[in-house]
Amino acid sequence: MELKRVAEGEKGFQKVFAFLRDRLIAGSLKPGDRLVSERELATQLGVSRPLVREALRALTMLGIVEIRDRIGTVVTRPDVSVLNDFFTFALAQQADMVDDVMQARIAIECQAVRLACERASIADFERLQRALAKISETIDEADTGGMADFEFHRAIVLASHSETLVVLHNSMAGLLTHSHRSRRELVQAFPSMKTYLIDDHKRIFDAIVARDPERADTTLRRHFAIGDEYRRRAVVGQKDSRQISR
């Protein structure tokens, strides 16, 4: 009996979830709209009221709906920032996490930089310029420098004015900031990285300002490739050091 109740509960949740999902996608429900009563929803979906109530409580925990006294259940706009924590915990356990996240980042940012060439506003240019200046100011600092690098690349994605790309990039923010900091730690081992970091970001900025998507895309991809080469050299160097110490 217990297994049957669990299965029914899962089915009820799935029906309520699908009901909201399909109507949100169709545009017939929007954030701020009030749902029909639990009784009407239960009848409409063919499930019991207790199951509807449990499903709505679960959806409340996810931030999809909000149950308000004397008003009812209201559709809300979920806080997508929670995806950052989810991706950080989920992907951090993967053995090839760094490479996998990097590939996703390249896909997001290269599309974003193309869109930025078309859509960037004066405010976007100013944000990029401030981030670029911060990169030069923090070139010898791992923590603040890594954050400066992240903010520059985040500014590219914001300049794309693509809400989906922004959400995807933000969802990986925890992992990306860690990656940027790790790259900045290599500056002490490879002083030539200072020129690479400053000049490459400047070239990317110039391509966006010139509204040249091909140059921006090519420059950004080359920037990623050079960064990977420095990381590879650091890994090889660490292996050589361990072998010598033996």
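No value in this document is a laboratory result; all are computed from the given coordinates. Quantities reported herein were computed from a predicted structural model and do not represent experimental measurements. Neighbour counts run over all protein chains shown; Cβ positions are idealised from the backbone, glycine included.
Could you calculate the FRET efficiency of Arg70 with Glu126 from 1/(1 + (r/R0)^6), where r is the beta carbon distance between them and R0 is 45 Å, rounded to 0.05?
Working: r = 46 Å, r/R0 = 1.03.
It comes to 0.45.
Give the shape of the stretch 1-75 as rounded, prolate or oblate, defined through the alpha-carbon gyration tensor: a ≥ b ≥ c are the square roots of its eigenvalues, a/c under 1.5 means rounded, and otherwise the shape is prolate if a/b is larger than b/c and oblate if not.
Values: a/c = 1.83, a/b = 1.59, b/c = 1.15.
In terms of gyration-tensor shape, prolate.
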Once both labels are modelled 7 Å past Cα along the beta-carbon direction, what's the Glu118-Ser28 spacing in nm? 3.2
Please compute the Kirkwood hydrodynamic radius of the stretch 121-186 from all pairs of different C-alpha atoms, in Å with one decimal. 12.0
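How much length is gained if the chain between Gln44 and Leu186 is pulled fully straight, taking 0.36 nm per residue apart and subtracting their Cα-Cα distance, in nm to one decimal? Walk me through the intermediate numbers first.
Working: separation 142, 0.36 × 142 = 51.12 nm, distance 6.01 nm.
Working it through step by step, the gained length comes to 45.1 nm.
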If I stretch the segment between Arg211 and Arg233 completely, what's the gain in nm (0.36 nm per residue apart, minus their alpha carbon distance), one decimal? 4.5 nm
